[in-house]
Every structure is written in structure tokens, then in C-alpha cells.
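Step one of this worksheet: look at the structure below.
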Amino acid sequence: MTSTPDDAAERHVPVLLQRCVDLLAPALGEPGSVLVDCTLGMGGHTEAVLEQVPTARVVGIDRDPEAIDRASRRLARFGDRFRAVHAVYDEIEDVVADVVGAPVQGVLMDLGVSSLQIDETERGFSYAHDAPLDMRMDPTVGLTAKDVLNTYDERALTRILRDYGEERFAQRIARAVVRRREQQPWERSADLVDLVRASIPAATRTTGGNPAKRTFQALRIEVNGELEVLERAVPAAVDVLAVGGRIVVESYHSLEDRIVKRVLAAGATISAPAGLPVVPEQDEPYLRLLTRGAEEAPAGERETNPRSASVRLRAAERTRPTPPHRRPSAARRSPAPGHRPTDRPHDPGETTR
Ligand SMILES: C[S@@+](CC[C@H](N)C(=O)[O-])C[C@H]1O[C@@H](n2cnc3c(N)ncnc32)[C@H](O)[C@@H]1O
């Protein structure tokens with residue numbers, strides 16, 4: 001399919017766009033300042049930063065090759081102020097080392113999937129259209145939703161649906177998924193939508209939109225290892241910030257927001273035991289929170305952009321270098337070099353990710 005840069009702009013409306021720019025801009029005022037947009041998507045946030053902050057350059061990361069392609073075309077007019085990198089965002093330290101070679105002044109994360117990914121029905125993210133059960137953000141690697149449904153045991157499926165989808169009827173649906181695959185392996189999304197509908201009590205079928213929504217969200221999070229990746233990525237993103245640099249994160253799920261909140265709060269807290277007469281310098285906070293709690297989208301934006309309804313935005317500024325013993329990413333490195341949740345050989349017994 002051919003597309004124009006304008007087409008990319010129309011496919012995804014960025015959430016809290018001006019708020020993100022306003023939070024990042026004060027850190028990007030020096031010529032050559034660098035923002036890493038970890039979730040480039042259609043490039044909406046990046047475009048606004050490049051337009052409004054002439055001193056800024058942007059390195060845009062996305063794991064979806066199609067997003068890289070579309071955003072690159074949209075942002076070509078900015079020349080060498082923009083550079084796209086196909087990577088998973090927990091590789092941010094390597095990307096910054098390779099592309100920038102120094103700490104950066106800004107990091108932006110706008111989590112989850114883009115409207116483009118949902119709209120491209122053949123990718124299987126949408127419960128509204130029948131398609132192969134895929135759901136990989138990077139369609140070139142890793143397990144598909146079909147693999148999860150055909151190989152995970154009932155307990156594992158229950159946990160995924162309950163934890164990632166907040167699905168009340170997780171066990172019923174998981175049991176039905178396993179029973180159905182004994183007759184016929186999972187292939188298509190419409191069959192899953194039908195099965196979810198049939199598995200939940202009739203009285204709950206008519207409330208709260210399509211009952212398959214939570215199951216689809218849970219599978220997407222599992223297929224892409226979203227929470228595991230985020231656990232590594234937020235600390236790594238804090239580590240690559242220069243003093244005065246700022247991080248802004250938009251979450252759309254309570255488990256995502258909890259990870260972000262924990263990492264930012266740890267950096268904004270004195271790490272020494274309470275009651276010391278003088279706080280040792282190494283135990284002073286190295287982050288200053290820029291938001292009071294998590295910010296939500298204003299009512300007007302929620303009405304015009306449904307994606308914004310669940311957003312929780314948090315931001316912080318680095319106030320000093322991190323002492324080595326408090327480097328947030330030190331304890332959270334990938335278990336092995338090159339390890340990716342999406343190319344790990346599948347072990348159906350291993351279900352706690
Ligand atoms: C909500 S969209 C971002 C939209 C973007 N802010 C814009 O204005 O167009 C999220 C994007 O992040 C990408 N993404 C999600 N998880 C990722 C990860 N772990 N690593 C790299 N990219 C990721 C998705 O492929 C998607 O394109």
C-alpha cells in the first residue's frame with residue numbers, strides 16, 4: 001500500500017501533544033540538544049518538537065518497521081535533525097551510545113499501540129475485524145497471539161487475561177480457549193471474539209462495549225512482552241539523561257503506570273535511612289518530579305480523541321548524576337546479551353512474564 005506523509009499524520013492523533021512538548025522544551029534549548037522518542041509511531045510528537053524547538057534533534061525508536069518507514073517519510077523535511085532507528089526501546093542505552101555518543105536532554109515514551117496498528121486489520125490487533133491472530137508490533141520476530149492461544153496452558157492463559165486484561169471471567173475464557181483448540185487450532189480473531197462472547201454470562205454481554213476488548217489487550221501485552229520491556233526501559237531511559245534532561249512517559253494501563261511511577265519516585269527520594277543528621281550526597285535524590293501524581297487528559301481531548309481517555313502522564317528532570325550504587329538500570333539488565341522477549345524460545349510452563 002502506498003501512503004503519503006499526510007496519511008501518516010491522519011492515522012494517529014497524538015495524546016497530550018502540547019503538554020509533552022511544553023514539558024520537554026525547557027531541556028532542549030541548547031543547540032544540538034537531543035530528544036529520544038522511544039515510541040516514534042507516526043511521528044506526531046516528534047514532528048511537534050522539531051517544529052517548535054529549533055535547537056532540538058530527535059532520535060526516533062520504534063520496533064515496528066512500518067512505523068519507521070511512515071514516520072521517516074513524514075519527517076524527511078527535517079533532514080539530519082531527525083534519525084529513525086528500528087529497535088526495541090529497552091535498547092535505548094545502545095541506541096544512544098551508537099547514534100549520539102553522549103547523554104541526552106530528553107526522553108519521550110508514548111506507550112502501547114498506534115491507531116495505524118489497530119487499523120491495519122490484517123495484523124490482528126483489532127477485535128472489530130476478522131484477521132489472522134498475530135498482534136506482533138514487529139511482524140518479523142517472535143511469538144504470535146495464535147502461538148500463545150495454541151500452546152499456553154490454562155493457568156498461564158488465566159493469569160494473562162486477569163493481569164493484563166483485568167478480565168473478570170479470565171478462567172472461564174482460558175478454559176474455553178484450551179477446550180476449543182483440542183478440536184481445532186486457533187487461527188482467526190473472529191473465532192476468539194465469538195468464544196469470549198459465549199464464555200461470559202449473558203447479562204454482562206451487553207455492557208461495557210465489546211467483551212473481547214480485554215482479551216485482545218491482554219494477548220497484545222503478552223505477545224510483545226510489553227511490561228517486561230518497560231521494566232528494563234524506564235530505568236535505562238533515566239540513565240541516559242544528562243543533568244537537566246527530562247523524561248516524559250504516557251501510560252495507558254495501570255500496570256504500565258505503576259512501573260513508571262516506581263522508577264521516577266525512587267529517583268526523587270532520599271535513599272539514606274530517615275533520621276540521619278546530614279544526608280550523604282550519594283543518597284540525595286537525582287530526579288525532580290515535574291507532575292503532581294499522574295496527569296490525565298482534559299475532558300475536551302477525551303471527547304475528541306478516545307485514545308486519550310486512559311492516559312496517565314508522568315514526567316521528571318534529572319538534577320544530578322546518579323551515583324553508581326543507585327543507577328536505576330543496574331539491577332534490571334536483560335538476563336543475557338541479545339535476549340528479547342519476542343525471540344525467546346517458547347516454554348509453555350514459563351508463564352510469569
Ligand atoms: C502510541 S504509539 C506512538 C505514537 C506517536 N507518539 C505519534 O505521535 O505518532 C506507540 C508506538 O510505539 C511502538 N512501540 C511500542 N512498544 C515498543 C517497544 N517496546 N519498543 C519500540 N517501539 C515500541 C509501537 O510500535 C507504536 O508505533
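Specify the residue that is modelled with the highest pLDDT; the eligible residues are those in region 333-343 that are surrounded by fewer than 16 Cβ atoms within 10 Å (Cβ to Cβ) and not hydrophobic (A, V, I, L, M, F, W, C).
Step by step, filter region 333-343, then rank; the result is 333.
Go through (1) within 14 Å of the ligand (Cβ to nearest atom); (2) over 17 Å from the mean Cα position of the chain (by Cα); (3) assigned to a helix (DSSP H, G or I) one by one and return the number of the condition residue 80 breaks.
So residue 80 meets the others, but not (1).
Going through region 255-305 one residue at a time, which ones are of a type in the set (Asp, Glu), over 25 Å from the mean Cα position of the chain (by Cα) and open to solvent by 70 Å² or more (accessible area, probe 1.4 Å)? Explain how you work it out, then say what you get.
Applying the first criterion (of a type in the set (Asp, Glu)) to region 255-305 yields 256-257, 281, 283-284, 295-296, 301, 303.
Among the residues that remain, those that are also over 25 Å from the mean Cα position of the chain (by Cα) are: 281, 283-284.
Scanning region 255-305 gives a single hit, 281.
For region 83-126, enumerate the residues that are open to solvent by less than 20 Å² (accessible area, probe 1.4 Å), over 30 Å from residue 329 (Cα atoms) and not in a loop (DSSP other than H, G, I, E, B).
Within region 83-126, just 116 meets the criteria.
Tell me the residue from 39, 55 that is assigned by the TED database to the domain that holds residue 79, modelled with pLDDT of 95 or more and away from the ligand (no atom under 15 Å from the Cβ), please. Lay out the reasoning, then the answer.
Details: 39 fails: away from the ligand (no atom under 15 Å from the Cβ).
Of 39, 55, the one residue that is assigned by the TED database to the domain that holds residue 79, modelled with pLDDT of 95 or more and away from the ligand (no atom under 15 Å from the Cβ) is 55.
Give the residues of region 310-325 that are open to solvent by 60 Å² or more (accessible area, probe 1.4 Å) and either over 24 Å from residue 107 (Cβ atoms) or within 14 Å of the ligand (Cβ to nearest atom) (or both), sorted by residue number.
312
Right, residue 106: modelled with pLDDT under 95 and more than 8 Å from the ligand (Cβ to nearest atom) or not?
Details: modelled with pLDDT under 95: no; more than 8 Å from the ligand (Cβ to nearest atom): yes.
For residue 106, the condition - modelled with pLDDT under 95 and more than 8 Å from the ligand (Cβ to nearest atom) - is not met.
Of the conditions (1) more than 21 Å from the chain's Cα centre (by Cα); (2) under 26 Å from residue 63 (Cβ atoms), residue 252 satisfies every one except a single condition; which number is it?
Answer for residue 252: the failing condition is (1).
Only one of (1) over 25 Å from residue 218 (Cβ atoms); (2) within 12 Å of the ligand (Cβ to nearest atom); (3) in a strand (DSSP E or B) fails for residue 49. Which number is that?
(3) is the only condition that residue 49 fails.
Looking at (1) in the same structural domain as residue 87 (by the TED database); (2) at pLDDT 95 or above, which is the only condition residue 218 fails?
It fails just one condition, (1).
Inside region 251-279, can you point out the residues that are within 16 Å of the ligand (Cβ to nearest atom) and assigned to a helix (DSSP H, G or I)?
To start, the set of residues in region 251-279 that are within 16 Å of the ligand (Cβ to nearest atom) comprises 251-253, 255-257, 259-260, 263.
Matches in region 251-279: 255, 256, 257, 259, 260, 263.
Sort through 8, 87 and tell me the only one that's at pLDDT below 95 and within 13 Å of the ligand (Cβ to nearest atom).
On the way: 87 fails: at pLDDT below 95.
Exactly one of 8, 87 is at pLDDT below 95 and within 13 Å of the ligand (Cβ to nearest atom), namely 8.
So which pairs qualify, if the first residue must be in region 247-261 and in contact (Cβ under 8 Å) with a residue 12 or more places away in the chain, the second must be in a strand (DSSP E or B) and open to solvent by 10 Å² or more (accessible area, probe 1.4 Å), the Cβ gap must be under 6 Å, and the two must be at least 6 apart or on different chains?
From residues that are in contact (Cβ under 8 Å) with a residue 12 or more places away in the chain, the pairs are 249/314; 250/110; 251/312; 257/312; 260/314.
Identify all residues within region 180-216 that are β-branched (Val, Ile, Thr) and farther than 23 Å from residue 113 by Cβ; write none if there are none. Lay out the reasoning, then the answer.
Of the residues in region 180-216, the ones β-branched (Val, Ile, Thr) are 193, 196, 200, 204, 206-207, 215.
Correct list: 200, 204, 206, 207.
Restricting attention to region 12-35, does a residue exist that is modelled with pLDDT under 95 and buried (at least 16 other Cβ atoms within 10 Å of the Cβ)?
Within region 12-35 (the criterion being modelled with pLDDT under 95 and buried (at least 16 other Cβ atoms within 10 Å of the Cβ)), the answer is yes, since at least one residue qualifies.
The values are calculated or read from the model by the stated rules, or taken from the named source; none is laboratory data. Given the structure is predicted, the values throughout are model-derived calculations rather than measurements. Here Cβ is always computed from backbone atoms with ideal geometry, including for glycine, and neighbour counts include all displayed protein chains. Calculation scope for accessible area: heavy atoms of the full protein, side chains included, ligands and nucleic acids excluded. Shrake-Rupley method; radii C 1.70, N 1.55, O 1.52, S 1.80 Å.
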